[in-house]
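Presented below is the structure to which this report refers.
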Amino acid sequence: MALKPRTRKPSRQDGPPDDPVAASADPALLAAAQRARKMLHRRALTAAAASVVPVPGLDWAVDAALLSRLLPRINAEFGLTPEQIDRLDPSQREQVHKAVALVGSALIGKLITRDMVLRLTSAVGMRLTTKQAAKYVPLAGQALSATLGYATLRYLGEQHIRDCIQVAQAAHLQLPAPDATK
């Protein structure tokens, strides 16, 4: 009688099943993705909490503020801030710019402004509009609003993490050491 090998169930920390880093054997890339997702989860919880407060527009402002601070920190985890890219040798810098163009991200290697974040959030505008409307229904509406707030920020952040992973892989970047101050 042959025994089946035991397989481990994926955990939340492993990332989505179609995660490009899951196929990578690069431990630095795996660690950077895990740190970025941890930051994203904490910020998404903050967005969810802000979504419960029934003040019109507050959650939009909080989402924009959170994203405008979160996206540069995710970039930094992967060595993709404008300063980090400028420190690369010219051939490596060119590889990064080509990879960014290939991925099509407007948020990698650039200074992130609130304008850029607002354009990004307008891409998921229907969720945000539903979140605003749901806020005024007692209890169930606030729970729905919080869930949508979390999901929206999580979706946008996860897309950005995936873009960063693809750029780091395509450009064969040496990732920076983790920042111990976070």
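Out of (1) out of contact with any Leu (no Cβ under 7 Å at 6 or more places or on another chain); (2) aliphatic (A, V, I, L, M); (3) in a helix (DSSP H, G or I); (4) at pLDDT 90 or above, what's the single condition that is false for Val96?
(1)
Name the single residue, out of those in the range 29-61 being modelled with pLDDT under 85 and among the β-branched types (Val, Ile, Thr), that is nearest to Cys164 (Cα to Cα).
Val52
What number of residues in the range 167-182 are buried (at least 20 other Cβ atoms within 10 Å of the Cβ) and either in a helix (DSSP H, G or I) or at pLDDT 90 or above (or both)?
Of the range 167-182, the ones buried (at least 20 other Cβ atoms within 10 Å of the Cβ) are 167-168, 171, 173.
Subsequent filtering for residues that are either in a helix (DSSP H, G or I) or at pLDDT 90 or above (or both) retains 167-168, 171.
So the answer is 3.
Do any residues in the range 43-61 that are of a type in the set (Val, Ile, Thr) have Cβ atoms under 7 Å from those of residues that are in a helix (DSSP H, G or I), where the two are at least six apart or on different chains, and which pairs are they?
Final answer for the pair search is Thr46/Leu66; Val52/Gln142; Val52/Ser145; Val52/Ala146.
Can you name the number of the only condition in (1) under 18 Å from Leu70 (Cβ atoms); (2) at pLDDT 80 or above; (3) not acidic (Asp, Glu) that Gly109 fails?
Looking at each condition in turn, Gly109 falls short on (2).
The values are calculated or read from the model by the stated rules, or taken from the named source; none is laboratory data. The structure presented is a predicted model; accordingly, all values stated were derived computationally and were not measured. Counting neighbours? That spans all protein chains shown, and the Cβs are built from the backbone with ideal geometry, glycine included.
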